[in-house]
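**Student:** My structure is below; once you've seen it, I'll send some questions.
The values are calculated or read from the model by the stated rules, or taken from the named source; none is laboratory data. These numbers come from a predicted model, not from an experiment. When we count neighbours, we look across all protein chains shown, and the Cβ atoms used for this are built from the backbone with ideal geometry, even at glycine. Just the protein is used for accessible areas: all its heavy atoms, side chains included, with ligands, DNA and RNA removed. Shrake-Rupley method; radii C 1.70, N 1.55, O 1.52, S 1.80 Å.
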Amino acid sequence: MIYLDNSATTKVDEQVLESMLPWMTQDYGNASSTHTFGRKARVAVESAREEIASLIGAHPAEILFTSGGTESNNTVLKSCVHESALADTIITSSTEHHAILYPVEQLQQSGIKTVVLPVNSNGNVLIEMLHQHNTQRSLLSIMHANNETGVMNNLTEIRSVIPDAYFHTDAVQSFGKVPISVSGLGVDFASFSAHKIHGPKGVGALFIRKGIDFKSHQQGGGQERNRRAGTEAVALIVGFQTAARIAYANLNAISEHTGSLTTLMRKLLLEFIPNIRINTPDYNTLPNILNISFMDAEYLDGDAILQIMDMKGVACSNGSACVSGTMQPSHVLSAMGLPDTEAKAGVRFSVSKFTTENEIRVAVQILASIIDSMR
Ligand code: PLP
């Protein structure tokens, strides 16, 4: 099998796994316990907090461990509006992950004012639209990089337009792929996840800028400075730390590798498949994602393309969802202005440090033969 779905999740790095095992088998203490086992676990959790904070230019006290990107996103949105009462308006964009769009929808149904900003044909948020809104007592949530196309938003510029709003970014896809400085980006909150960078599933973090009176919606023990009750998942947190360390220590080499693979793939796809549209621009994007669609998509079945690719040994995906037996277009491609037929039949390839050039060549050949026979 050729795995080209690394934006969905990644293979756990051997070194990550090794670093996690002792925290499940020998040093399995609860980090809140005061005995030797507990103190050892506490040291491990705090060391992970320090290292992850330093990688994004944050203070350790600004890092809250969560179960992943979904929890971090939901926590910010709901706490800012409810428990912390920092904002009464939420401004977001049309291409956010559903872990933002669905909670925003729910908040809107409960009477909270929400604004969903459009994007341009590249998938970048239309920053000028922000001028139309009063951003005082607002929470702005704009993703750093899009999970379907890899397109990156210019957060620093967005911050300059909204100096008075709280600013959150979903940095799940960009963390470990590009340098991140929370102060450089000007964000107050940021969401991260370990499993997109060869770490374990079920752990992530939320950056909360110091000085913000942030209250948790999750009650129980006083863990994470009373901001997220629940026993810390020590082994997962250590795995997250190791994955983040490896990603940032090898950032240039990995992005050169993944970038050269997506560049090659872009070239081969254009060469071998007529009427193809590349939805990932070749600038201001993550190095590892390539999203394509087909201009004559009315003759192609997006779901079947992925299924046949899988049968022929290539795992890739798209942003379309099957609702009540019918395929829905990708909300990201639709927001970028693609017709519904085309937005239903996109294909997302996402590579990793483990992907090889030969795998890219084989995957393109397989896709070309599927499209050819469907046409
Ligand atoms: N945000 C983005 C942009 C993502 O791509 C994902 C995962 O696909 C998430 C949030 C959810 O993260 P997690 O799987 O850690 O809950």
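**Student:** Across the stretch 187-201, which residue is least open to solvent (accessible area, probe 1.4 Å) among those that are part of a loop (DSSP other than H, G, I, E, B) and within 8 Å of the ligand (Cβ to nearest atom)? Can you show your working first?
**Tutor:** Residues of the stretch 187-201 part of a loop (DSSP other than H, G, I, E, B): 187-188, 194-201.
Restricting the remaining residues to those that are within 8 Å of the ligand (Cβ to nearest atom) gives 194-196, 201.
Working: ALA194: 0, HIS195: 38, LYS196: 26, LYS201: 116 Å².
Residue satisfying both the conditions and the ranking: ALA194.
**Student:** Separate question: Check whether at least one residue in the stretch 176-186 is free of Cβ contacts under 8 Å to residues at least 60 places away in the same chain and more than 12 Å from the ligand (Cβ to nearest atom), and report yes or no. Before the answer, list the steps.
**Tutor:** Let us first name the residues in the stretch 176-186 that are free of Cβ contacts under 8 Å to residues at least 60 places away in the same chain, namely 185-186.
Narrowing further to those that are more than 12 Å from the ligand (Cβ to nearest atom): 185-186.
The answer is yes, given that some residue of the stretch 176-186 is free of Cβ contacts under 8 Å to residues at least 60 places away in the same chain and more than 12 Å from the ligand (Cβ to nearest atom).
**Student:** If MET311 satisfies all but one of (1) within 18 Å of the chain's Cα centre (by Cα); (2) without any contact (Cβ under 8 Å) to a residue 24 or more places away in the chain, what's the number of the condition it fails?
**Tutor:** Here MET311 meets the rest and fails (1).
**Student:** Inspect the stretch 64-79 for any residue being touching a Cys at 6+ places or on another chain (Cβ under 8 Å), more than 26 Å from CYS316 (Cβ to Cβ), in contact (Cβ under 8 Å) with a residue 24 or more places away in the chain and away from the ligand (no atom under 12 Å from the Cβ) and give the result as yes or no.
**Tutor:** Residues of the stretch 64-79 that are touching a Cys at 6+ places or on another chain (Cβ under 8 Å), as a first pass: none.
No, that holds for no residue.
**Student:** Exactly one of these conditions fails for GLU83: (1) in a loop (DSSP other than H, G, I, E, B); (2) within 16 Å of the ligand (Cβ to nearest atom). Give me its number.
**Tutor:** With (1) in a loop (DSSP other than H, G, I, E, B); (2) within 16 Å of the ligand (Cβ to nearest atom) applied to GLU83, the lone miss is (2).
Residues are listed down the side, and each one gets a yes or a no for (1) farther than 29 Å from ALA87 by Cβ; (2) buried (at least 20 other Cβ atoms within 10 Å of the Cβ); (3) modelled with pLDDT under 95:
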{"residue": "LEU236", "(1), (2), (3)": "yes, yes, no"}
{"residue": "THR242", "(1), (2), (3)": "yes, yes, no"}
{"residue": "PHE272", "(1), (2), (3)": "yes, no, no"}
{"residue": "LEU286", "(1), (2), (3)": "no, yes, no"}
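**Student:** Which numbered condition in (1) open to solvent by 30 Å² or more (accessible area, probe 1.4 Å); (2) within 16 Å of the ligand (Cβ to nearest atom); (3) not aromatic (Phe, Trp, Tyr) is the only one that VAL119 fails?
**Tutor:** Only one criterion in (1) open to solvent by 30 Å² or more (accessible area, probe 1.4 Å); (2) within 16 Å of the ligand (Cβ to nearest atom); (3) not aromatic (Phe, Trp, Tyr) is unmet by VAL119, namely (1).
**Student:** Then there is this: Just to verify a result, which residue in the stretch 202-215, among those that are touching a Lys or Arg at 6+ places or on another chain (Cβ under 8 Å) and open to solvent by 10 Å² or more (accessible area, probe 1.4 Å), is farthest from the ligand (Cβ to nearest atom)?
**Tutor:** LYS215
**Student:** Same structure again: Looking only at the stretch 141-173, count every residue that is open to solvent by less than 10 Å² (accessible area, probe 1.4 Å) and away from the ligand (no atom under 16 Å from the Cβ) and tell me the total.
**Tutor:** 4
**Student:** I've got another one for you. Take the conditions open to solvent by less than 40 Å² (accessible area, probe 1.4 Å) and touching a strand residue (DSSP E or B) at 6+ places or on another chain (Cβ under 7 Å) and apply them to THR114. Does it pass?
**Tutor:** Values: open to solvent by less than 40 Å² (accessible area, probe 1.4 Å): yes; touching a strand residue (DSSP E or B) at 6+ places or on another chain (Cβ under 7 Å): yes.
Judged against the criteria, THR114 is a match.
**Student:** Checking GLU51 against (1) away from the ligand (no atom under 16 Å from the Cβ); (2) closer than 17 Å to ILE212 by Cα; (3) charged (D, E, K, R); (4) in a helix (DSSP H, G or I), which test does it fail?
**Tutor:** It fails just one condition, (2).
**Student:** Do the conditions hold for ILE56, that is, is it within 16 Å of the chain's Cα centre (by Cα) and away from the ligand (no atom under 12 Å from the Cβ)? Please lay out each step first, then the result.
**Tutor:** Numbers: within 16 Å of the chain's Cα centre (by Cα): yes; away from the ligand (no atom under 12 Å from the Cβ): yes.
In short, yes.
**Student:** Moving on. Specify which of the listed residues (ILE2, ILE56) is on the phi < 0 side of the Ramachandran plot and touching an Asp or Glu at 6+ places or on another chain (Cβ under 6 Å). Step through it out loud before you land on a result.
**Tutor:** On the way: ILE56 fails: touching an Asp or Glu at 6+ places or on another chain (Cβ under 6 Å).
Just one listed residue meets the conditions, ILE2.
**Student:** Which members of the stretch 353-373 meet the condition of being in contact with a helix residue (DSSP H, G or I) (Cβ under 7 Å, 6 or more places away or on another chain) and open to solvent by less than 60 Å² (accessible area, probe 1.4 Å)?
**Tutor:** Selection gives LYS353, THR355, ILE360, VAL364, ILE366, LEU367, ALA368, ILE370.
**Student:** So, one more: Being open to solvent by 60 Å² or more (accessible area, probe 1.4 Å) and polar (S, T, N, Q) is the filter here, so list the residues in the stretch 14-40 that pass it. Show your work before the answer.
**Tutor:** Just the residues of the stretch 14-40 that are open to solvent by 60 Å² or more (accessible area, probe 1.4 Å), to begin with: 14-15, 17-18, 21, 24-26, 28, 32, 34-37, 39-40.
The answer is GLN15, THR25, GLN26, SER32, THR34, THR36.
**Student:** Give VAL76, VAL104, VAL43 a once-over and let me know the one that is open to solvent by 10 Å² or more (accessible area, probe 1.4 Å) and not basic (Lys, Arg). Break it down into steps so the answer makes sense when it comes.
**Tutor:** Numbers: VAL76 fails: open to solvent by 10 Å² or more (accessible area, probe 1.4 Å); VAL104 fails: open to solvent by 10 Å² or more (accessible area, probe 1.4 Å).
One residue alone meets the criteria, VAL43.
**Student:** Quick check on my filter: what residues within the stretch 3-19 are assigned to a helix (DSSP H, G or I) and either in contact with a helix residue (DSSP H, G or I) (Cβ under 6 Å, 6 or more places away or on another chain) or among the polar types (S, T, N, Q) (or both)?
**Tutor:** Just the residues of the stretch 3-19 that are assigned to a helix (DSSP H, G or I), to begin with: 14-19.
Selection gives GLN15, VAL16, SER19.
**Student:** May I pose another question? Suppose we filter LEU126, LEU117 for residues that are in contact with a helix residue (DSSP H, G or I) (Cβ under 9 Å, 6 or more places away or on another chain) and either within 22 Å of ASP164 (Cα to Cα) or small (Gly, Ala, Ser) (or both); which single one remains?
**Tutor:** Details: LEU126 fails: in contact with a helix residue (DSSP H, G or I) (Cβ under 9 Å, 6 or more places away or on another chain).
Going through LEU126, LEU117 in turn, the sole match is LEU117.
**Student:** Looking at the stretch 122-134 only, could you name the residues that are open to solvent by 50 Å² or more (accessible area, probe 1.4 Å) and closer than 18 Å to VAL151 by Cβ? First the steps, then the outcome.
**Tutor:** Of all residues in the stretch 122-134, those open to solvent by 50 Å² or more (accessible area, probe 1.4 Å) come to 128-129, 131-134.
Scanning the stretch 122-134 gives GLU128, MET129.
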